[in-house]
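The values are calculated or read from the model by the stated rules, or taken from the named source; none is laboratory data. It should be emphasised that the depicted structure is a prediction, and the values quoted were computed from it without experimental measurement. Quick reminder, even Gly has a Cβ in these numbers, built from the backbone with ideal geometry, and neighbours come from all protein chains shown. Protein only, heavy atoms only, side chains kept; ligands, DNA and RNA dropped before computing areas. Shrake-Rupley method; radii C 1.70, N 1.55, O 1.52, S 1.80 Å.
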Amino acid sequence: MDLKGKEMTPEERKIIIKLRNEGKTLREIGKIVGRTHSSIQRVINNYTSSKSIISKPRSGRPSKLTAREKRYVFKSVRLNPRISAFQIENDVRERFKKTLHEDTIRKNFEKGWASWPCCSQEATHISCE
């Protein structure tokens, strides 16, 4: 069972901690779980330092728009599919006092803003007028 590149589930981490407390070596645990001994060591070190088996949140830039604001943008596109990114930019600036560049709006619609949990799959096209 080769799980290279896959994040460990909390259940896997529980099993690793349990086996370590039973006195198993890192390599023995690795063979049982199907992971490398270095991955097992990382889980154990994280557990001893934080006393938690839950993953820490990933770093990254916070979104400029809240879920409510994203819903508003999608609603405006759904109501008027021919609306331009420039019009959306101006609307967001006036309504929410936030600046978004029209290229950012266009790119994110192409990239999949429709996969936002707050939005439907309907409004994936935005005109570049």
Considering region 13-31, residues that are surrounded by 15 or more Cβ atoms within 10 Å (Cβ to Cβ) and of a type in the set (Lys, Arg), and then whichever is farthest from residue 51 (Cα to Cα), we arrive at 24
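Quick check: is even one residue across region 70-79 among the aromatic types (Phe, Trp, Tyr) and in contact with a Cys (Cβ under 6 Å, 6 or more places away or on another chain)? So that I can check it myself, show each step before the final result.
In the first step, residues of region 70-79 are kept if they are among the aromatic types (Phe, Trp, Tyr); the result is 72, 74.
Within this subset, residues satisfying the condition of being in contact with a Cys (Cβ under 6 Å, 6 or more places away or on another chain) are 74.
Yes, that holds for at least one residue.
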Top-ranked residue of region 95-129 - restricted to ones that are within 13 Å of residue 72 (Cα to Cα) and at pLDDT 85 or above, ranked as least open to solvent (accessible area, probe 1.4 Å): 96
Only one of these conditions is not met by residue 54: (1) open to solvent by less than 90 Å² (accessible area, probe 1.4 Å); (2) of a type in the set (A, V, I, L, M, F, W, C); (3) not in a helix (DSSP H, G or I). Which number is it? (1)
Regarding region 67-90, can at least one residue be identified that is of a type in the set (A, V, I, L, M, F, W, C), closer than 30 Å to residue 11 by Cβ and open to solvent by 100 Å² or more (accessible area, probe 1.4 Å)? no
